[in-house]
Amino acid sequence: MVQPLPRLKETPSQTAGPYVHIGLTPNYCEIGGVYPEDLGIRMVNEKTKGERITVKMRIFDGTGSVIKDAVIEIWQADADGLYNSPSEPRGKADPNFTGWGRQASDEEGVFTFETIKPGRVPFPDGRLQAPHISLWIVARGINLGLQTRMYFGDEEKANAEDPILTRLEHQNRVPTLIAPRSGNTYHFDIHLQGEKETVFFDV
Amino acid sequence: MRNIKPELGGFFQRDRSWHPPAFAPGYKSTVVRSPQRAPIAFSHTLSEITGPVFGHSMLGELDNDLTVNFARPGESAIGPRIIVYGKVLDENARPVPNVLVEFWQANAGGRYRHKKDGYLAPLDPNFGGCGRTVTDEDGNYWFRTVQPGAYPWPNGINDWRPAHIHFSIFGHGFVQRLITQMYFEGDPMIWRCPIVRTIPDKRAIETLIAKLDMESTVPMDARAYKFDIVLRGRRQTMFENKLEGN
Ligand SMILES: [Fe+2]
């Protein structure tokens, strides 16, 4: 089938810079009164369906230092594996779950998301993907937002058959995408460089 | 609201040579923050094709007016008053409605309202520096602000940022997410800037330079600058046609 080529070029990216919080989380950086609250800080409410979880993330640079000036956005399906998006063709997602979160880190560099465990979402060939959260990371020194995914450490079976994880050429890098669970909290450490460099995606 | 057919296709592959590379040592912060291994591609799943979409109801009345959205009642920010406007399109040249556009900037003296910015230029008590809007049915957006100043930054011993406004743009799919910066026509600092120069192609840089538009200028009030934004476009494939027919 003939694929038409794009007619326009995408606008080129530029770094979010050191003051990204002014734009994306102004209340966090003490610019109060412009917006009632920072967008994306609440993903769930009392009525949200699914298992409540906390996800704590950190980002390490090539020297092993924790990055404290980044913003992480996450996007995930609801408990039934449906996305709260007009482009979701399979049905209506839980109206009490946004599926989208945005956070700055605390002073120790920890990004905390209060969310639910997502359901499984199909791959284009119909197989089910393991539950996962999509990430987008921006900061000073990052020229194009980094895309990756977080998978769940207690989903060994689903992870072992996930169409994307099983297809990674270097299987020893799969653990960089899997967050171990302790209690109701998952810990996901992202390494921008080095031996433990996280798998980033070109999607 | 117009009834828009849901968009179900995957996106065109991103042309990474058009974007700045992760490792661009002229901009020193990239050296320890750039992944060194090749990013891995896979065909888009619903996780990439879908994304959050925001409505106009989330907006406050002053969200798109930085001259007053942080100011004391009856006062406004200091600096050259401007309007920035444009269209958000996709790579298929189709307007993209309901796109959340967020922007942030330094004040007219080149100072950010941020505890880590210690530049000599003073803060403006009436300027916060952030705003947002949502594109209309034809992909149009606009906001009012003051023209930001150039500022020095620690990279080389005498590096200056050209006047610029930071933009964050959502599309309708999470992989359309984009952050960029807008520059001003005629600014001689643009071509000297190490951050601008992380972009390899001069033609790509030119798309970030907003043009003065006297036609849209509001007489005795504010000059207008036009900045169009292009997000990734969707492919049409057999697979998606089948889905739509269901
Ligand atoms: Fe800036």
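The values are calculated or read from the model by the stated rules, or taken from the named source; none is laboratory data. Owing to the predicted nature of the structure, the values given are computational and were not obtained by experimental measurement. As a convention, Cβ positions derive from the backbone with ideal geometry for all residues, glycine included, and neighbour counts pool all protein chains shown. Side chains are part of the model used for accessible areas, which takes the heavy atoms of the whole protein and leaves out ligands, DNA and RNA. Shrake-Rupley method; radii C 1.70, N 1.55, O 1.52, S 1.80 Å.
Structure notes:
- For chain A, modelled as a GNM whose springs connect Cα atoms under 10 angstrom apart, the maximal fluctuation among A:163, A:124, A:180 occurs at A:124.
- The contact between chain B and chain A removes approximately 7700 Å² from the accessible area (both sides summed; 1.4 Å probe; ligands, DNA and RNA excluded).
- In plain terms, chain B is cut at each of the GluC sites (Glu not before Pro) found in a DSSP loop with at most 10 other Cβ atoms within 10 Å, and the longest leftover piece is B:62-214.
- The protein assembly as shown - share of DSSP beta bridges that are antiparallel (%, nearest 5): 75
- With only the Cα atoms considered, region A:20-191 has a convex hull volume of 142 Å³ per residue.
- If you wrap region A:2-70 in the convex hull of its Cα atoms and look at it from every side, the mean projected area works out to 10.2 nm².
- For chain B, the number of Lys pairs with C-alpha atoms closer than 15 Å, counting only pairs eight or more positions apart or on separate chains, is 4.
- The GNM of chain B, with springs linking C-alpha atoms under 10 angstrom apart, assigns the highest mean-square fluctuation among B:145, B:217, B:135 to B:217.
- Cα-only Debye scattering, the protein assembly as shown: base-10 log of I(q)/I(0) at q = 0.12 Å⁻¹: -1.04
- 20 Å reach of a label modelled at residue A:108, 7 Å along Cα-to-Cβ, counting backbone N of region A:66-82: A:66-72
- Computed over protein heavy atoms with a 1.4 Å probe, the accessible surface of region B:57-230 works out to 41 Å² per residue.
- The overall shape of chain B is oblate: from the C-alpha gyration tensor, with semi-axes ordered a ≥ b ≥ c, the ratio a/c is 1.5 or greater and a/b is no larger than b/c.
- Placing unit charges on each Cβ (+1 for Lys and Arg, -1 for Asp and Glu) gives region A:1-143 a dipole about its Cα centre, and among A:50, A:129, A:72 the Cα reaching farthest toward its positive end belongs to A:129.
- Sites matching GluC sites (Glu not before Pro) across region A:129-171 that sit in DSSP coil, with at most 11 neighbouring C-beta atoms within 10 Å: A:169
- Under the convention that each Lys and Arg Cβ holds +1 and each Asp and Glu Cβ holds -1, the size of the dipole of region A:123-203 around its Cα centre is about 180 debye.
- Rolling a 1.4 Å probe over the heavy atoms of the protein chains gives region A:58-120 an accessible area of 35 Å² per residue.
- Surface share of carbon and sulfur [accessible, 1.4 angstrom probe, percent] for the protein assembly as shown: 54
- Averaged over peptide B:48-57, the number of partner chain Cβ atoms lying within 10 Å of each residue's Cβ comes to 6.
- Considering only B:60, B:199, B:184, the residue lying farthest towards the positive end of the dipole of chain B is B:199, judged by Cα position with unit charges set on Cβ.
- Per residue of peptide A:98-104, the mean number of Cβ atoms on other chains within 10 Å of the residue Cβ is 2.
- Residue with peak Gaussian network fluctuation, chain A [Cα springs, cutoff 10 Å], from A:153, A:17, A:183: A:183
- Each distinct pair of alpha carbons in region B:1-106 adds a 1/r term; the inverse of their mean, the Kirkwood radius, is 18.7 Å.
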